[in-house]
Amino acid sequence: MNTHFTVTPNFEVKTLEKALRLYTPSLSEKPMTDFLAGKCDDLGFDNIQIDEVGNLIAKKGTGSPKIMLCGHMDVVPGKVKVRKEGDSLYGRGASDAKAPLIAMLFAAAAIQNNNGTIIFVAAVDEEGSATGIKNLVKKDMGVDYAIFGEPSGVKQVTIAYKGRLAINLKVTVEDSSHASAPWLSKNAIQESMIFAKELKEGLEVGQDGKTKGMLLTATITEMKGGISHNVTPKECETTFDIRIPVDMNCKSTEQKIATLIKGIAEKRKVEAFYSILDETEPFEASHNSPLVRAFTLGIIEVEHSRPTLIRKTGTGDMNVLGNQWKIPVVTYGPGDPHEAHTINEKVSIDEFLRGIEILKKTLQHLKRLHDKKMK
């Protein structure tokens, strides 16, 4: 273990910059895993290991509580030139979610013994099928609290995420015909367009006056059909991405989908089958846990203002773990969530450094609040 250097803000920024230079789309995270394993070693972490699916897990500190800091290493596809311009650092993953992940690394590194045990996790495949987190929740890690690293902005703490259902809908018509005589048969693509419109309207009905965080949304993300430029298509497949707010669940949404599809198919006299590609339940964390209080105090200390608790319209690793482990969890990190997945993704360097300080203060407050609760 080499602890011969002092961690300076300059070192923290350079570490983030190096992490951004590693292009790590989902399931190609190994360069980042190796890089972080080396950093954990330098920073005095113990038990540095890589699990079956490629998650990096390392421990720092001793005593209670046991707090998991979990960020993800993968990014969405598409490279962004890594560069500094003024206060901005550009690169794929700058906001989602390498800045939150590296901020967690340095916050964990600052923990001294007997001030709580930090389990630092750099997870794989968050942007894909959540292989990393799904493997992690199977283990009994005895964790008291978990913080997930996603960009929320330093003054906001994410307490809720929508759930997600992804479905594939296959519409089949009886026959195809030559495109010069389109009246001879139904057209599977046109039928799918009607289907898509009616399914979306049927699922999204009656939501006037709801905030975006509490809306159920059904979005068409892929459509494929047809075999030739001059033949009407007999089959068409459509993918829908449905986001479910915290006051609904996957099961009731699925029942509604089944009823709607059956009704539309009967009305249009076409065959329709659907299959579920992904199912993640929505999740909302307790608003008054010691974890949320610790964040409130940490943010007041650094930012001199109270944080906002927010509900996100996306879906994250917090859903999976929160629904399984039933412990206090939140999602937090420097970075603007609207920068995520953009062609010029960036993070404010100043905000990244303040994020590290807030996480450090939060961990100190959490230790104190936890001990008080245990007395």
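The values are calculated or read from the model by the stated rules, or taken from the named source; none is laboratory data. What you see is a predicted model; the values in this text were computed from it and never measured. Methodologically, a virtual Cβ is constructed for each residue, glycine included, from the backbone with ideal geometry; neighbour enumeration extends over all protein chains shown.
Here are a few things to note about the model shown:
- Total residues in region 53-88, condition under 21 Å from the mean Cα position of the chain (by Cα) and either part of a loop (DSSP other than H, G, I, E, B) or within 12 Å of Leu20 (Cβ to Cβ) (or both): 11
- When region 34-52 is filtered for residues that are under 24 Å from the mean Cα position of the chain (by Cα), surrounded by fewer than 16 Cβ atoms within 10 Å (Cβ to Cβ) and not in a helix (DSSP H, G or I), the ones remaining, listed by number, are Gln49, Asp51, Glu52.
- Long-range neighbours under 8 Å by Cβ, at least six apart or interchain, first residue outside any helix (DSSP H, G or I) within region 359-373, second modelled with pLDDT under 95: none
Each row is one residue, and each column tells you yes or no for (1) crowded, with 20+ Cβ neighbours inside 10 Å; (2) closer than 30 Å to Lys312 by Cα; (3) under 25 Å from the mean Cα position of the chain (by Cα).
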residue: Phe195; (1), (2), (3): yes, yes, no
residue: Met214; (1), (2), (3): no, yes, yes
residue: Met223; (1), (2), (3): no, yes, yes
residue: Ile227; (1), (2), (3): no, no, no
residue: Pro233; (1), (2), (3): yes, no, no
residue: Ile242; (1), (2), (3): yes, yes, yes
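- Ile147 assigned by TED's automatic domain parsing to the domain that holds His365 and closer than 21 Å to Arg311 by Cα: yes
- Scanning region 312-325 finds one or more residues that are surrounded by fewer than 19 Cβ atoms within 10 Å (Cβ to Cβ) and under 12 Å from Glu150 (Cβ atoms).
- Filtered by the rule that a residue be more than 15 Å from Val154 (Cβ to Cβ) and in a loop (DSSP other than H, G, I, E, B), region 324-358 gives Lys326, Ile327, Pro328, Ala340, His341, Thr342, Ile343, Asn344, Glu345.
- In region 167-184, the residues that are outside any helix (DSSP H, G or I) and more than 30 Å from Thr211 (Cβ to Cβ): Lys170, Val171, Thr172, Val173, Glu174, Asp175, Ser176, Ser177, His178, Ala179, Ser180, Ala181
- Residue list for region 123-166, filter: part of a helix (DSSP H, G or I), aliphatic (A, V, I, L, M) and over 27 Å from Glu345 (Cα atoms): Leu136
- Residues of region 11-38 that are within 23 Å of Ser88 (Cβ to Cβ) and not hydrophobic (A, V, I, L, M, F, W, C): Glu12, Lys14, Thr15, Glu17, Lys18, Arg21, Tyr23, Thr24, Pro25.
- Once region 244-262 is narrowed to residues that are loosely packed, with under 13 Cβ neighbours inside 10 Å and not β-branched (Val, Ile, Thr), the residue that is farthest from His178 (Cα to Cα) is Asp247.
- In region 1-33, of all residues being acidic (Asp, Glu) and under 22 Å from the mean Cα position of the chain (by Cα), the one that is nearest to Arg354 (Cα to Cα) corresponds to Glu17.
- Filter result for Val124 (closer than 16 Å to His72 by Cα and in the same structural domain as Leu36 (by TED's automatic domain parsing)): yes
- Counting only strands (runs of 3 or more DSSP E) that sit wholly inside region 203-317, those with at least 2 residues that are outside the structural domain of Val171 (by TED's automatic domain parsing) and closer than 19 Å to Thr362 by Cβ are 308-312.
- Condition check for Ala109: touching a residue at least 40 places away in the same chain (Cβ under 8 Å) and not assigned by TED's automatic domain parsing to the domain that holds Thr253: yes
- Scanning region 208-235 for residues that are out of contact with any strand residue (DSSP E or B) (no Cβ under 9 Å at 6 or more places or on another chain) and not basic (Lys, Arg) yields Asp208, Gly209, Ser228, His229.
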